[in-house]
Amino acid sequence: MPSTSLCQDEARPPYSLMDDYSEGAHPQILEALLRTNSTQQVSYGNDEYSISARQLIRNKIGCTEDEAGIFFVPSGTSANLIGIASCLRPYEAVITLESGHIACKEAGAIEATGHKLILVSAVDGKMTPTNLQKALQQNQFYPHYAKPRLLYISNATETGTVYTKRELSSLSAICKQSNLLLFIDGARMGAAICSKKNDLTLREIFDMTDIFWIGGTKAGALMGEAIVLKKELADGFDFHLKQHGALLAKGRILGVQFMELFRSELFFTLATHANEMAQKISTSFEKLGYKLAAETETNQVFVAIPQQLVRILHEKFRFYVWEQLDDGNSVVRLVTSWATEEREVDKFNAWVQQWTVATNI
């Protein structure tokens with residue numbers, strides 16, 4: 001069992017490792033919001049801060065205004081729903097993974113727009129060329145089947161893995177050959193770009209896709225995501241935002257946050273910290289002999305641990321039990337953020353180590 005010193009740890013609410021948005025926002029973002037608060041600005045995202053933020057993002061990508069439209073929305077679900085629905089006809093469908101966020105975490109938001117989801121099995125959390133080709137072959141009985149028109153993937157994936165340049169290039173080539181749009185959910189794009197496994201640049205992602213978005217909510221902002229579209233898809237996109245209630249009168253609030261994230265390396269610094277804290281947890285588990293359910297490539301750790309240890313850890317930490325296994329273990333998901341304190345990670349690892357040693361696991 002854990003040592004007396006750990007058991008006598010001062011009373012406190014359980015420390016959250018449930019997600020990467022338990023905290024509010026990075027102090028620099030709060031300071032920027034306060035600093036700009038009293039200035040009068042044009043509404044609906046036409047303010048100077050949003051204009052500046054768009055240009056800063058284009059600079060990071062390495063693209064021009066003639067190549068890309070950039071739009072800010074308040075949430076990831078709105079980014080997915082509006083981004084996808086804006087470019088599909090009523091009879092067109094989306095190919096996605098069974099574990100895809102739009103398939104199991106957004107209350108049927110895409111289906112509610114009238115578009116069928118074609119579900120595909122994942123490999124290491126990813127879409128593979130083989131599975132994509134199979135889905136296309138199985139959905140060609142036109143006009144009786146909904147017509148596949150868009151491939152939706154996430155980077156990082158639902159299990160925290162990242163797409164390599166070769167993997168994304170292969171998917172992109174199939175999409176071009178098959179007249180599919182390629183859409184990347186970038187809720188954790190920062191974590192993916194800053195992963196030690198990553199070999200993609202933002203410019204390469206832009207070139208290989210039609211739409212992707214950069215998550216701010218999970219990267220230190222209060223809220224907000226930046227949708228990046230090829231110019232031909234961007235025309236009239238603001239009408240879609242308005243119709244879906246995502247064109248904020250005080251759009252400056254989103255613009256200020258992205259301006260602060262991208263005027264320096266803050267966006268990448270915060271994502272790197274989150275990844276490093278997850279790796280520290282993951283490495284500790286592996287040294288103790290626990291089996292990872294997925295390789296830790298970003299800021300999510302999936303590991304199988306005894307249910308007794310789950311109960312012990314839940315006394316001091318909050319996290320998801322991802323899956324109950326038949327052997328008495330549970331796969332748990334631990335998520336670190338821009339604000340995760342290293343001392344809390346050390347405490348977590350100490351609890352696991354001492355319980356493991358005490359029980360001879």
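Do you know which residues across the range 42-59 are buried (at least 17 other Cβ atoms within 10 Å of the Cβ) and under 23 Å from Gly245 (Cα atoms)?
Matches in the range 42-59: Gly45, Asp47, Tyr49, Ser50, Ala53, Arg54.
Before we move on, is Glu225 among the acidic types (Asp, Glu) and in contact with a helix residue (DSSP H, G or I) (Cβ under 6 Å, 6 or more places away or on another chain)?
In short, yes.
Mind checking whether some residue in the range 114-129 is in contact (Cβ under 8 Å) with a residue 40 or more places away in the chain and either aliphatic (A, V, I, L, M) or farther than 20 Å from Glu167 by Cα (or both)? Break it down stepwise before answering.
Of the residues in the range 114-129, the ones in contact (Cβ under 8 Å) with a residue 40 or more places away in the chain are 124-127, 129.
So of that shortlist, the ones also either aliphatic (A, V, I, L, M) or farther than 20 Å from Glu167 by Cα (or both) come out as 127.
Yes.
Run down Leu233, Leu241, Leu229 and say which single residue is open to solvent by less than 10 Å² (accessible area, probe 1.4 Å), over 25 Å from Val335 (Cβ atoms) and in a helix (DSSP H, G or I).
Details: Leu233 fails: open to solvent by less than 10 Å² (accessible area, probe 1.4 Å); Leu229 fails: in a helix (DSSP H, G or I).
None of the other options fit; the residue is Leu241.
Suppose we keep only residues that are surrounded by fewer than 22 Cβ atoms within 10 Å (Cβ to Cβ) and hydrophobic (A, V, I, L, M, F, W, C) within the range 262-280. Which one would you say is farthest from Phe183 (Cα to Cα)?
So in the range 262-280, the residues surrounded by fewer than 22 Cβ atoms within 10 Å (Cβ to Cβ) come out as 263-266, 268-269, 272-273, 276, 279-280.
Next, from what is left, pick out any that are hydrophobic (A, V, I, L, M, F, W, C): 266, 268.
Numbers: Leu266: 25, Phe268: 22 Å.
Looking at the filtered set, the residue picked out is Leu266.
Quick one: is Trp322 touching a residue at least 60 places away in the same chain (Cβ under 8 Å) and either in a loop (DSSP other than H, G, I, E, B) or more than 23 Å from Gly24 (Cα to Cα) (or both)? Outline the logic, then answer.
Numbers: touching a residue at least 60 places away in the same chain (Cβ under 8 Å): no; either in a loop (DSSP other than H, G, I, E, B) or more than 23 Å from Gly24 (Cα to Cα) (or both): yes.
No: the conditions fail for Trp322.
Does at least one position in the range 335-343 carry a residue that is more than 25 Å from Glu23 (Cα to Cα), under 25 Å from the mean Cα position of the chain (by Cα) and either in a strand (DSSP E or B) or at pLDDT below 95 (or both)?
Here is the first cut: in the range 335-343, the residues more than 25 Å from Glu23 (Cα to Cα) are none.
For the range 335-343, residues more than 25 Å from Glu23 (Cα to Cα), under 25 Å from the mean Cα position of the chain (by Cα) and either in a strand (DSSP E or B) or at pLDDT below 95 (or both): absent.
With respect to Lys316, determine if the residue is over 23 Å from Asp124 (Cβ atoms), open to solvent by 10 Å² or more (accessible area, probe 1.4 Å) and of a type in the set (D, E, K, R).
yes
List pairs: first residue in the range 12-24 and without any contact (Cβ under 8 Å) to a residue 12 or more places away in the chain, second residue open to solvent by less than 30 Å² (accessible area, probe 1.4 Å) anywhere in the structure, Cβ distance under 7 angstrom, at least six positions apart or on different chains.
From the range 12-24, no pairs qualify.
Looking for whichever is over 16 Å from Ala79 (Cβ atoms), out of contact with any Gly (no Cβ under 8 Å at 6 or more places or on another chain) and in contact (Cβ under 8 Å) with a residue 24 or more places away in the chain here; the options are Lys231, Lys196. Which one fits? Spell out how you get there, then give the answer.
Working: Lys231 fails: out of contact with any Gly (no Cβ under 8 Å at 6 or more places or on another chain).
After applying the criteria, what remains is Lys196.
I'm checking my understanding of the structure. Among residues of the range 263-291 that are part of a helix (DSSP H, G or I) and acidic (Asp, Glu), which one is nearest to the chain's Cα centre (by Cα)?
As a first pass, look at the range 263-291 and keep what is part of a helix (DSSP H, G or I): 266-287.
Add one more test, that the residue is acidic (Asp, Glu), and what stays is 276, 286.
Values: Glu276: 17, Glu286: 25 Å.
Residue satisfying both the conditions and the ranking: Glu276.
With the structure loaded, tell me whether Gly62 is modelled with pLDDT of 95 or more and surrounded by fewer than 17 Cβ atoms within 10 Å (Cβ to Cβ) or whether it fails that test.
Spelling it out, Gly62 is indeed modelled with pLDDT of 95 or more and surrounded by fewer than 17 Cβ atoms within 10 Å (Cβ to Cβ).
Val310 - would you say it is in a helix (DSSP H, G or I), out of contact with any Lys or Arg (no Cβ under 6 Å at 6 or more places or on another chain) and among the aliphatic types (A, V, I, L, M)? First the steps, then the outcome.
Details: in a helix (DSSP H, G or I): yes; out of contact with any Lys or Arg (no Cβ under 6 Å at 6 or more places or on another chain): yes; among the aliphatic types (A, V, I, L, M): yes.
Judged against the criteria, Val310 is a match.
If I filter the range 14-41 down to residues being assigned to a loop (DSSP other than H, G, I, E, B) and touching a Ser or Thr at 6+ places or on another chain (Cβ under 9 Å), which single residue comes out as surrounded by the most Cβ atoms within 10 Å (Cβ to Cβ)? Step through it out loud before you land on a result.
We begin by selecting, within the range 14-41, every residue assigned to a loop (DSSP other than H, G, I, E, B); these are 14, 17-26, 36-41.
Filter once more, keeping what is touching a Ser or Thr at 6+ places or on another chain (Cβ under 9 Å): 17, 19-23, 41.
Details: Leu17: 27, Asp19: 17, Asp20: 29, Tyr21: 21, Ser22: 14, Glu23: 14, Gln41: 16.
Among those that are assigned to a loop (DSSP other than H, G, I, E, B) and touching a Ser or Thr at 6+ places or on another chain (Cβ under 9 Å), it is Asp20.
Restricting to the range 86-108, name every residue that is surrounded by fewer than 19 Cβ atoms within 10 Å (Cβ to Cβ) and of a type in the set (Gly, Ala, Ser).
Ser99, Ala107, Gly108
Any residue at all in the range 160-174 that is open to solvent by 10 Å² or more (accessible area, probe 1.4 Å), in contact (Cβ under 8 Å) with a residue 40 or more places away in the chain and within 29 Å of Pro74 (Cα to Cα)?
no
Taking the range 209-223 as the search range and keeping residues that are touching a residue at least 60 places away in the same chain (Cβ under 8 Å) and in a loop (DSSP other than H, G, I, E, B), which one is farthest from the chain's Cα centre (by Cα)?
Initial filter on the range 209-223 (touching a residue at least 60 places away in the same chain (Cβ under 8 Å)): 210-211, 213-215, 217-223.
Subset that is in a loop (DSSP other than H, G, I, E, B): 210, 220-223.
Working: Asp210: 18, Gly220: 13, Ala221: 13, Leu222: 15, Met223: 13 Å.
By that ranking, first place goes to Asp210.
Please verify whether the range 250-261 includes one or more residues that are part of a helix (DSSP H, G or I), closer than 29 Å to Thr39 by Cα and open to solvent by 50 Å² or more (accessible area, probe 1.4 Å). Walk me through it before giving the result.
Keep residues of the range 250-261 that are part of a helix (DSSP H, G or I), which gives 252-261.
Next, from what is left, pick out any that are closer than 29 Å to Thr39 by Cα: 252-261.
From what is left, the residues that are open to solvent by 50 Å² or more (accessible area, probe 1.4 Å) are 253.
Checking the range 250-261: at least one residue is part of a helix (DSSP H, G or I), closer than 29 Å to Thr39 by Cα and open to solvent by 50 Å² or more (accessible area, probe 1.4 Å).
The values are calculated or read from the model by the stated rules, or taken from the named source; none is laboratory data. Being a predicted model, the structure only gives us computed values, none of them experimental. Methodologically, a virtual Cβ is constructed for each residue, glycine included, from the backbone with ideal geometry; neighbour enumeration extends over all protein chains shown. Just the protein is used for accessible areas: all its heavy atoms, side chains included, with ligands, DNA and RNA removed. Shrake-Rupley method; radii C 1.70, N 1.55, O 1.52, S 1.80 Å.
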